[in-house]
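Structure, as C-alpha cells:
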Amino acid sequence: MEGGRSKIKRLDKINEYKLLEIAKNISEYAFPGMIVLLYGDLGTGKTTFTKGFIRSLLKDDSLSVTSPTFALVKVYDNDYKIYHVDLYRLSDPEEIPYVGLFEDSEGIYLIEWPERLDYYIPDEYLEIKLYYNIEDMTKRDIEIEAIGEKYKIFEEALK
C-alpha cells in the first residue's frame, strides 16, 4: 500500500445500531494522532458515527455527543484529547489555521465535512463515506478507506 489508498470495507443497508458498532470497532484501534474524515450529506450519520466512537473510547454510553456546528470544535478529554470537528459552516479553507486544527499531534480528530479542508487535508487518514441507501432511506451505505500506511491496521479492525 505504501502511502496509497486501501479500500477496507463497504457495507450496504446498515442501520444506526450497526453504524455505532462499526464506530466502536474502529475506536478499539484508535491511536494518538489519528485522523478520521467523515464524508456524507446532512443526516447520513457522521455525528452518529462520532458519538459511537467517542462514547466507546471514553467508556461512557450516556455521554452527550452532538455536532459542534456553531463552535466548529468540541474537545473531549481522555488519555489524549479527542477533537470532534464540524466544518459545515466554514466558508474558506484559509480559516483552518484559526480553528487550531491539527495543532495537537497526539490528539484524535474526527472531522465532519472534510471537503472544506481543501489543501489542508493531511497525507494520511481514515476516510469514512456515508450515503443514503437508495432502496431504503432509513438505512445507510458506508465505505471505509485507509489512506497511508499507519491506517492499514483498520483492515484487521473491520474483518
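Readers should treat all values here as calculations from the given coordinates under stated rules, not as data from a laboratory. Since the structure is predicted, the reported quantities are computational estimates derived from the model, not experimental observations. For neighbour counting, all protein chains shown are included, and Cβ atoms are generated from backbone atoms with ideal geometry for every residue, glycine included.
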Mind pulling the per residue volume of the convex hull built on the Cα atoms of the chain? Å³ is fine. 111
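With r as the distance between the Cβ atoms of Asp12 and Asp61 and R0 = 25 Å, compute the FRET efficiency 1/(1 + (r/R0)^6) and round to 0.05. All intermediate terms of the calculation are to be shown ahead of the outcome.
Values: r = 27 Å, r/R0 = 1.07.
In this case the efficiency is close to 0.40.
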Residue among Ile26, Ile121, Ile147 with the largest mean-square fluctuation in a Gaussian network model of the chain, springs linking Cα atoms under 10 Å: Ile121
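For segment 6-70, report the % of Cα-Cα distances exceeding 19 Å.
31
Over the chain, what relative contact order in percent results from Cα pairs under 8 Å that are six or more residues apart? Kindly include the intermediate steps, with their values, before the conclusion.
Values: 314 pairs, mean separation 59.8, N = 159.
Here the relative contact order equals 38 percent.
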Counting only DSSP beta bridges fully inside the chain, the antiparallel percentage to nearest 5 is 60
In units of 2.2 N^0.38 Å, what is the alpha-carbon radius of gyration of segment 86-159? 1.30
Can you tell me the Rg and the Dmax, both Å, for the Cα atoms in segment 99-138? 13.9, 42
Separation in nanometres of the label points that stand 7 Å from Cα toward Cβ, at Asp123 and Asp79: 2.6
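How about segment 30-71: which trypsin sites (Lys or Arg not before Pro) there lie in a loop by DSSP and see at most 11 other Cβ atoms within 10 Å?
Details: sites: Lys46, Lys51, Arg55, Lys59; in loops: Lys59.
Qualifying residues, ordered by number: Lys59.
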Who wins for biggest fluctuation among Glu112, Glu135, Glu16 in a Gaussian network model of the chain, springs between alpha carbons below 10 Å? Glu135
